[in-house]
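Asker: Can you read through this structure? Questions will come right after.
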Amino acid sequence: MSELMFRGVIPALITPFRDGAIDEDAFVRLIERQIGAGVHGLVPVGTTGETATLSHDEHRRVVELCVKTAAGRVPVVAGAGSNATAEAIELVRHAKTVGADAALVVTPYYNRPSQEGLYAHYAAINAAVQMPVLVYNVPARTSVDISNEVLARLAKLPNIVGIKDATGDMARASSQRLMCGEDWVMLSGNDDAALGYMAHGGHGAISVTCNVAPEQCVAFYNDVLAGNWQGALYHQDRLIRLHKALFTDASPAPAKFAMAHLGLCAEDARLPIMPASAASRAEVLAGMRDAGVI
């Protein structure tokens, strides 16, 4: 699969729960809703999918179910990160085995490796599994920030094809594009900053908001991809309050509240994620109204 297929809006899917277990029927319905709205790909078991509280068996099952349901209609970029390189390789290998199109691998969290350690982590994955890998850089969650210089080195490896950038640093995006080359895939990890990121040469975003408002997000990204910046700004203005609202409490609690409000799944999350607060719920509903979801 060409790396150019990793573009547009790719929802970071929630993992619906019911009575403590994964609600597989709801998950399948959510995927069908996203594909029906015209999304450009799917990310199961990312941060929004509560991968941190899934067992390994659950993680693998969610990836398998996503690949099976998508059935080749859109690319699947499976979450496969770990702060242990050997475990990340296992998860990437599983993603390839079940038919995912790429893996999303977060920078190792908690153990805070050096820049050379970060390079070695991804180089080991590149050598172990022959499938496209996107680096996920989210310093606010991992306490590690991978440099453009290291990314430029990684871009020379055959299987390291791009990045999900959740730094919010627009100037870095332009520098990175020039350093990593034309084939480097650049996806924003911040819904509210995606318009600016794409103006700096990004190709799309891995989106939380798309869980709640897929048609609206697809319209926004299709306008940007077509160079219709005026149309994109219109959609951005309608979506911006919802973008912000979905992070007024620990994610994905606000997104799960929104989707439960729409009757799509239960609101259940796993501890330590608590249900969205009353203030968060009010802001989410206001954002949904602005976006035309309700």
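The values are calculated or read from the model by the stated rules, or taken from the named source; none is laboratory data. This one's a predicted model, so the numbers in the text were calculated from it and none came from an experiment. When we count neighbours, we look across all protein chains shown, and the Cβ atoms used for this are built from the backbone with ideal geometry, even at glycine.
Asker: Buried (at least 16 other Cβ atoms within 10 Å of the Cβ) and either out of contact with any Asp or Glu (no Cβ under 6 Å at 6 or more places or on another chain) or at pLDDT 95 or above (or both): is that true of THR97 in this structure?
Answerer: Numbers: buried (at least 16 other Cβ atoms within 10 Å of the Cβ): no; either out of contact with any Asp or Glu (no Cβ under 6 Å at 6 or more places or on another chain) or at pLDDT 95 or above (or both): yes.
Against the criterion (buried (at least 16 other Cβ atoms within 10 Å of the Cβ) and either out of contact with any Asp or Glu (no Cβ under 6 Å at 6 or more places or on another chain) or at pLDDT 95 or above (or both)), THR97 does not qualify.
Asker: If I filter region 127-140 down to residues being buried (at least 20 other Cβ atoms within 10 Å of the Cβ) and of a type outside the set (Val, Ile, Thr), which single residue comes out as farthest from ALA152 (Cα to Cα)?
Answerer: Filtering first and then ranking leaves MET131.
Asker: I would also like to ask the following. Tell me which residues, restricted to region 176-208, are free of Cβ contacts under 8 Å to residues at least 12 places away in the same chain and assigned to a strand (DSSP E or B).
Answerer: Hits for region 176-208: nothing passes.
Asker: Just give me the residues in region 81-105 being in contact (Cβ under 8 Å) with a residue 40 or more places away in the chain and in contact with a helix residue (DSSP H, G or I) (Cβ under 7 Å, 6 or more places away or on another chain), in sequence order.
Answerer: GLY81, THR85, ILE89, VAL92
Asker: Of the conditions (1) of a type in the set (A, V, I, L, M, F, W, C); (2) within 24 Å of GLU267 (Cβ to Cβ); (3) not in a loop (DSSP other than H, G, I, E, B), VAL45 fails just one. Which one is it?
Answerer: Tallying (1) of a type in the set (A, V, I, L, M, F, W, C); (2) within 24 Å of GLU267 (Cβ to Cβ); (3) not in a loop (DSSP other than H, G, I, E, B), VAL45 fails exactly one: (3).
Asker: Follow-up. Within region 284-292, identify whether any single residue is surrounded by fewer than 23 Cβ atoms within 10 Å (Cβ to Cβ), modelled with pLDDT of 95 or more, of a type in the set (Val, Ile, Thr) and under 24 Å from GLU50 (Cα atoms), and answer yes or no.
Answerer: Checked region 284-292: no residue is surrounded by fewer than 23 Cβ atoms within 10 Å (Cβ to Cβ), modelled with pLDDT of 95 or more, of a type in the set (Val, Ile, Thr) and under 24 Å from GLU50 (Cα atoms).
Asker: Would you please name the residue that is farthest from the chain's Cα centre (by Cα), looking only at residues in region 68-99 that are of a type in the set (A, V, I, L, M, F, W, C), within 16 Å of GLU58 (Cα to Cα) and outside any helix (DSSP H, G or I)?
Answerer: The initial filter retains those residues of region 68-99 that are of a type in the set (A, V, I, L, M, F, W, C), namely 70-71, 74, 76-78, 80, 84, 86, 88-89, 91-92, 95, 98.
From what is left, the residues that are within 16 Å of GLU58 (Cα to Cα) are 78, 80, 88, 91-92, 95, 98.
Remaining after also requiring outside any helix (DSSP H, G or I): 78, 80, 98.
Working: ALA78: 9, ALA80: 12, VAL98: 19 Å.
Ranking the candidates gives VAL98 first.
Asker: Name the single residue that is nearest to GLY72 (Cα to Cα) among those in region 19-35 being out of contact with any strand residue (DSSP E or B) (no Cβ under 9 Å at 6 or more places or on another chain) and not in a helix (DSSP H, G or I).
Answerer: ILE22
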